[in-house]
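Asker: So that we are looking at the same thing, I have put the structure below in structure tokens.
The values are calculated or read from the model by the stated rules, or taken from the named source; none is laboratory data. These numbers were taken from a predicted model, which means no experiment stands behind them. Cβ coordinates were reconstructed from backbone atoms using ideal geometry, including for glycine residues, and neighbour counts include every protein chain displayed. All accessible areas refer to the heavy atoms of the entire protein, side chains included, with ligands and DNA or RNA removed. Shrake-Rupley method; radii C 1.70, N 1.55, O 1.52, S 1.80 Å.
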Amino acid sequence: MTNKVTLTQFIIEQQREFPGTSGSFTALLNDIATACKKISHIVNRGELIGVLGSAESENIQGEVQKKLDIITNDIMVNALNWTGHLAGMASEEIDDIIKIPSHYPKGKYLVLFDPLDGSSNIDVNLAVGTIFSILRCREGIDADLQDFLRKGSEQVCAGFVLYGPSTMMVLTTGHGVNAFTLDQDIGEFILTHRNMRIPEETAEFAVNMTNQRFWQPPVQRYIAECLQGTEGPLGKNYNMRWIASLVAEVYRILTRGGIFMYPLDSRNPAKPAKLRLMYEANPMAFIIEQAGGVCSTGRDRILDIKPTDIHQRVPLILGSKQEVERVVGYHLEG
Ligand code: AFP
């Protein structure tokens, strides 16, 4: 494995460009990577260790939890709560913010995560992932809710780990996007995709078409135009994908371009959007923008939204610049 750059080496080298850093951020990322390696191992073992299927509980969103939702949440919490790098955590699976136990030191970061995104795919052996967002916090405090409710533009780091045919970590600290592949033989994430860039144009969209009748006119218009192919105003034939796993969709878009939409819909007025701002949309928006893409609700830049709740939902439209800007344009015309 000569000349292979590990995740740790990459982060340390990046941090050296900022003299005076304490090493706390590097250590935190290492702890997250360790937790994700454990999750990768368990996801990979699947039915052999009896972790598939539903638990008999619901999360704050009222969604039935999978056994692995609970197991992976515990892995993340137990890997991070004792380290002294955090002032608090928040998880998709836990209603309130997660306090650092009083007997452990507090640090200067907050971590928000979705421990197993796409978990409804787990029983059918499709790709799932862990998404995380890191914010800086006042040092040494016991963070409260207000400390978490900050715009996505304030994130210092965002990433996700995709448990697919390979396990991959995609990461940004605001200096481009890099991806690392887990080398199972040596247990290290190795830098394999440097400075990922999303092609500006695309002919591939990802949306759950079964929701079509509930969408607003701008999204209806865009998809109708895509479906008209070369005979329509967009003048090209489109391809469609829907994996129902945000991590897998975003990884595909980082690799070959495309647009992903989970837009506003009128199915349930109490729940006009599905995806969560703080641990799904924000980290993905940071990554997508750093790779040259665009991420919007249709009207507003995701990273500019001031959150009002940890589990807040937002419409999410992200991907190749020209295509997302077209959909945003349609919203602004209306
Ligand atoms: P789960 O974690 O419950 O499987 O939800 C996955 C997800 O949040 C996101 O990863 C997908 O893009 C989206 O939901 C899929 O939603 P539909 O099942 O409504 O298509």
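Asker: Is the C-alpha gyration tensor of the stretch 76-139 telling us rounded, prolate or oblate? Criteria: a/c under 1.5 is rounded; beyond that, a/b larger than b/c is prolate, otherwise oblate.
Answerer: Prolate, because a/c is 1.5 or more and a/b exceeds b/c.
Asker: When ligands, DNA and RNA are left out and all protein chains stay put, how many square angstrom of accessible area per residue does the chain have with a 1.4 Å probe? Show your work: numbers first, answer last.
Answerer: Numbers: 14280 Å² over 334 residues.
Computed with neighbouring chains in place, this is 43 Å² per residue.
Asker: Let me ask another. Take the solvent-accessible surface of the protein heavy atoms, probe 1.4 Å, and return the percent of it on the stretch 84-151 that carbon and sulfur atoms account for. All intermediate terms of the calculation are to be shown ahead of the outcome.
Answerer: Working: 1250 of 2640 Å².
C and S atoms contribute 47 percent here.
Asker: I've got another one for you. Helix-only estimate, please: 222 nm mean residue ellipticity of the chain, summing -39500 (n - 2.57) across DSSP H runs of length 4 or more and dividing by its residues, to the nearest 500.
Answerer: For the chain, the value works out to -8500 deg cm²/dmol.
Asker: What FRET efficiency would be calculated for the residue pair Val156, Glu47, taking the C-beta separation as r and a Förster radius of 41 Å, to the nearest 0.05?
Answerer: Efficiency at R0 = 41 Å is approximately 0.60.
Asker: Additional query: Which value in Å does the Kirkwood hydrodynamic radius of the stretch 201-263 take, with 1/r averaged over all unlike C-alpha pairs and then inverted?
Answerer: Values: mean 1/r = 0.0824 Å⁻¹.
In the stretch 201-263 this quantity evaluates to 12.1 Å.
Asker: Please give the charge dipole size of the stretch 97-163, origin at the Cα centre, charges +1 on K and R Cβ atoms and -1 on D and E Cβ atoms. Round to the nearest 20 debye.
Answerer: 300
Asker: Convex hull over the alpha-carbon atoms of the stretch 54-193: what's its volume per residue in Å³?
Answerer: Measuring per residue, one finds 128 Å³ for the Cα hull of the stretch 54-193.
Asker: Right, next: Over what distance in Å are the Cα centres of the stretch 228-244 and the stretch 115-181 separated?
Answerer: 30
Asker: Which distance in Å, rounded to a whole number, links the C-alpha centroids of the stretch 247-279 and the stretch 36-55?
Answerer: The stretch 247-279 and the stretch 36-55 have Cα centres separated by 25 Å.
Asker: Expressed as a whole percent, how much of the Cα-Cα distance distribution for the chain exceeds 36 Å?
Answerer: 16
Asker: Can I ask one more? How much net charge surrounds Lys271 when only other residues with a Cβ under 12 Å from its Cβ are counted (Lys, Arg +1; Asp, Glu -1)?
Answerer: The answer is +2.
Asker: Calculate, in whole percent, how much of the Cα-Cα pair population of the stretch 189-334 lies beyond 22 Å.
Answerer: 36
Asker: Please name which of Ser245, Gln312, Asn282 has its Cα lying farthest along the dipole of the stretch 216-312 towards the positive end, using unit charges on Cβ (Lys, Arg +1; Asp, Glu -1) and the Cα centre as origin.
Answerer: Of the candidates, Ser245 comes out farthest on the positive side.
Asker: To the nearest 10 degrees, how steep is helix 67-80 against the longest Cα principal axis of the chain, on a 0 to 90 scale?
Answerer: Roughly 50 degrees between the two axes.
Asker: What number comes out for the charge environment of Leu191, summing +1 per Lys or Arg and -1 per Asp or Glu over other residues with Cβ under 13 Å away?
Answerer: For residues surrounding Leu191, the net value is -1.
Asker: Dividing the convex hull volume of the alpha carbon atoms of the stretch 8-137 by its residue count, what do you get in Å³ per residue?
Answerer: Looking at the stretch 8-137, the number lands at 114 Å³ per residue.
Asker: Using 0.36 nm per residue of separation minus the Cα-Cα distance, give me the extension gain between Ile141 and Thr230 in nm, one decimal.
Answerer: That pair, Ile141 and Thr230, stretches by 26.2 nm at full extension.
Asker: Helix 321-333 versus the longest principal axis of the chain: what is the Cα-based angle in degrees, 0 to 90, to the nearest 10?
Answerer: 60
Asker: Let me ask something else. Quote the charge dipole size of the chain about the Cα centre in Debye, to the nearest 20; the model charges only the Cβ of Lys and Arg (+1) and of Asp and Glu (-1).
Answerer: 440
Asker: How much length is gained on full extension from Thr181 to Leu149, taking 0.36 nm per residue of separation minus their Cα-Cα distance?
Answerer: 8.3 nm
Asker: So what is the relative contact order for the stretch 180-334, in percent, with contacts set as C-alpha pairs under 8 Å and at least six apart?
Answerer: 28
Asker: Report, to the nearest 10°, how far helix 246-256 tilts away from the longest principal axis of the Cα atoms in the chain, using its own Cα long axis and a range of 0 to 90°.
Answerer: 70
Asker: To continue, here is another question. Taking every DSSP beta bridge that has both residues in the chain, what percent is antiparallel when rounded to the nearest 5?
Answerer: Antiparallel bridges: around 80 percent, rounded to the nearest 5.
Asker: Taking the Cα centre of the stretch 44-163 as origin, sum charge times position over the Cβ atoms of Lys and Arg (+1) and Asp and Glu (-1), and report the length of that vector in debye to the nearest 20.
Answerer: That gives the stretch 44-163 a dipole magnitude of about 580 debye.
Asker: Sort 152-159, 186-193, 303-310 for me by packing, meaning the mean count of neighbouring Cβ atoms within 10 Å per residue, highest on top.
Answerer: Taking the mean over residues of other Cβ atoms within 10 Å, the ranking is 152-159, 186-193, 303-310.
Asker: For the stretch 23-152, calculate the relative contact order in percent as a whole number, restricting contacts to Cα pairs under 8 Å that are 6 or more residues apart. Write out the running numbers ahead of the final one.
Answerer: Working: 216 pairs, mean separation 26.1, N = 130.
Relative contact order, the stretch 23-152: 20 percent.
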